[in-house]
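The values are calculated or read from the model by the stated rules, or taken from the named source; none is laboratory data. From a predicted model like this one, the values you see are computed outputs, not experimental measurements. Ideal geometry is used to build each Cβ from the backbone, glycine not excepted, and the neighbour counts take in all protein chains shown. To get the accessible areas, we keep the full protein, side chains included, count just its heavy atoms, and leave off ligands, DNA and RNA. Shrake-Rupley method; radii C 1.70, N 1.55, O 1.52, S 1.80 Å.
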Amino acid sequence: MTTVVKGVKLRLYPNQKQTGQLWQLFGNDRFVWNQMLAMAQKRYENNPKSQFANEYDMNYLLKPLKQEYPFLKASDATSLLVVNHNLALAFKNLFQQRGGHPRFKSRHNAKQAYTGRSTCVVEAKRRLRLPKIGSIRTSKTSQLRDAKIKRYTISHDATGRYYLSLQVETEVHDLPKTHQSVGLDMGVANLAIGSNGVKHGTFNARWLEKQATLWQSKFSRRRHQATVTMRQWNHNHKLSKLVLNDYQNWQRARMVKARYQAKIANQRKDYLHKLTTDLVSQYDVIVIEDLKTKNLMHNHHLAKSIANASWYQFRTMLEYKCAWYGKQLVVVSAKNTSRICSACGHNDGAKPLAIREWTCSGCRTHHDRDINAAVNILNRGLKAIG
Ligand SMILES: [Zn+2]
């Protein structure tokens, strides 16, 4: 039995009053961030040799800031400390040349969020109690059973929905041993092909992807239209200026597009979860290739980038699930796995990707290209662990 940390994301369904409150709190965090950043910049302008304000200094400034701007008292106080912590971190990264200069935040950003370190309490199957917000309707809280929640993030993104993200400690148990091993060859048409010949298809959501592309182009077109009419309006009306966000039609396209994209990402994630859970319960040793060394030069760019996203997620899931459930993941070099004959070890040379089957010129074994590669991967992995 091991204790592990899992990320849990729930939908939030705030009522009208809570929606107003949430936007106030998003705004408060943004306000503190922008104030602290402005102060740090002023300080630097006055004396370039001065250190940027550290977290402790910034926390000290919160008290006078709250007196000057009483609306900040509506916030979960810990969320303002998290803002300072993140800003201090951003400065630290800047000075260690690991990140760019921290930027001012705008209320027009598609994503709004705040993070607090206070406790949230599960009240019912679909209800939580959040600091300052009170009792709020959520999606199913069953994953949070007995968990103590000490850090939470509330966000609103381009889909127009509200979410609550939590890190939750839970206990996991080893899965029964099966004494089976498998090698996996990663591909584009099939996500993974097993050394035993089993093909695991690539997740595809063609209809959804088509919709997402369609709304992406509507979104671009409407933004362009909105920009043009906005400039005309602002040119003719000196007093009442419009901003891009005033254009409902464009906003709607942005939301629909984001919803399709989120739906595709969620379905892909569900698919990969199911697949990796199946693999981890079927095999004790899983061998995959190191994709950095895999040659995919001849693949279509789009297919490649989509496959890349899936592979990365697939590998990450296998990594932590093997660790959780007492199984072993071995990563081997992908070099020459499609050239070497898995029966006799003869290197039969490079073959165009179009050639799916071949016969070894050394031992005359007939191979399916992908299965042969998967067998080579398995053999390398077993050799590596002895
Ligand atoms: Zn051979």
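Observations on the model:
- When +1 charges are put on Lys and Arg Cβ atoms and -1 charges on Asp and Glu Cβ atoms, the dipole computed for the chain relative to its Cα centre reaches about 1620 debye.
- Estimated at 0.36 nm per residue, the fully extended path between Leu61 and Lys177 surpasses their Cα-Cα distance by 36.1 nm.
- Using alpha carbons only: equivalent-ellipsoid semi-axes of the chain, gyration tensor based, whole Å: 48, 28, 23
- Two-site label geometry, Val228 and Ala323: point separation in nm, points 7 Å out along Cα→Cβ: 5.3
- Stretching Phe104 away from Arg339 to a fully extended chain increases their span by 79.3 nm, per 0.36 nm per residue minus the current alpha-carbon distance.
- Ser361 accessible area, 1.4 Å probe, all protein chains in place, Å² to nearest 10: 70
- Scaled to the globular estimate 2.2 N^0.38 Å, the Cα spread of segment 107-185, given as radius of gyration, is 1.53.
- In the complete set of protein chains, residue-level accessible area for His85 is approximately 70 Å², probe 1.4 angstrom.
- Lysines with Cα under 24 Å of Lys17, excluding same-chain neighbours fewer than 8 positions away: Lys9, Lys66, Lys73, Lys111, Lys125, Lys132, Lys140
- Gaussian network model of the chain, Cα within-10 Å springs - most flexible of Gly20, Gly187, Gly160: Gly20
- At R0 = 22 Å, FRET efficiency that the Cβ-Cβ distance of Asn266 and Val198 yields, to 0.05: 0.30
- Probe 1.4 Å, all protein chains present, accessible-area order of His367, His101, His235, largest first: His235, His101, His367
- Within segment 177-386, the proportion of C-alpha pairs whose separation exceeds 27 Å stands at 47%.
- Solvent-accessible surface (1.4 angstrom probe) belonging to Trp358, in square angstrom, nearest 10: 20
- With all protein chains in place and ligands, DNA and RNA left out, the 1.4 Å accessible area ranks Phe91, Phe203 as Phe203, Phe91, largest first.
- For the chain, carbon and sulfur atoms together expose 52% of the accessible surface, with a 1.4 angstrom probe and every protein chain in place.
- Average accessible surface area per residue within segment 177-386, 1.4 Å rolling probe, Å²: 57
- Each principal axis of segment 197-272 carries a Cα extent, and these read 70, 17, 13 Å when sorted largest first.
- Cross-link partners of Lys274 among aspartates and glutamates (Cα-Cα below 18 Å; sequence separation of 8 or more within a chain): Asp174, Asp284, Glu319
- Accessible area expressed per residue, segment 2-172, with surrounding protein chains retained (probe 1.4 Å, Å²): 58
- Percentage relative contact order, segment 2-172, counting C-alpha pairs under 8 Å, at least six apart: 35
- Listed residues Met230, Met58 arranged by accessible area, highest first, probe 1.4 Å: Met230, Met58
- Computed on the Cα trace of segment 26-178, the radius of gyration divided by the Kirkwood hydrodynamic radius gives Rg/Rh = 1.06.
- Aspartates and glutamates whose Cα lies under 19 Å from that of Lys148, excluding same-chain neighbours fewer than 8 positions away: Asp76, Glu123, Glu169, Glu171
- Relative contact order (percent, whole number), the chain, Cα cutoff 8 Å, 6+ residue spacing: 16
- Helix-only [θ]222 nm of the chain, DSSP H runs n ≥ 4, -39500 (n - 2.57) each, per residue, nearest 500: -15500 deg cm²/dmol
- Gaussian network model of the chain, springs between alpha carbon atoms under 10 Å - residue of Gln180, Gln21, Gln282 with greatest fluctuation: Gln180
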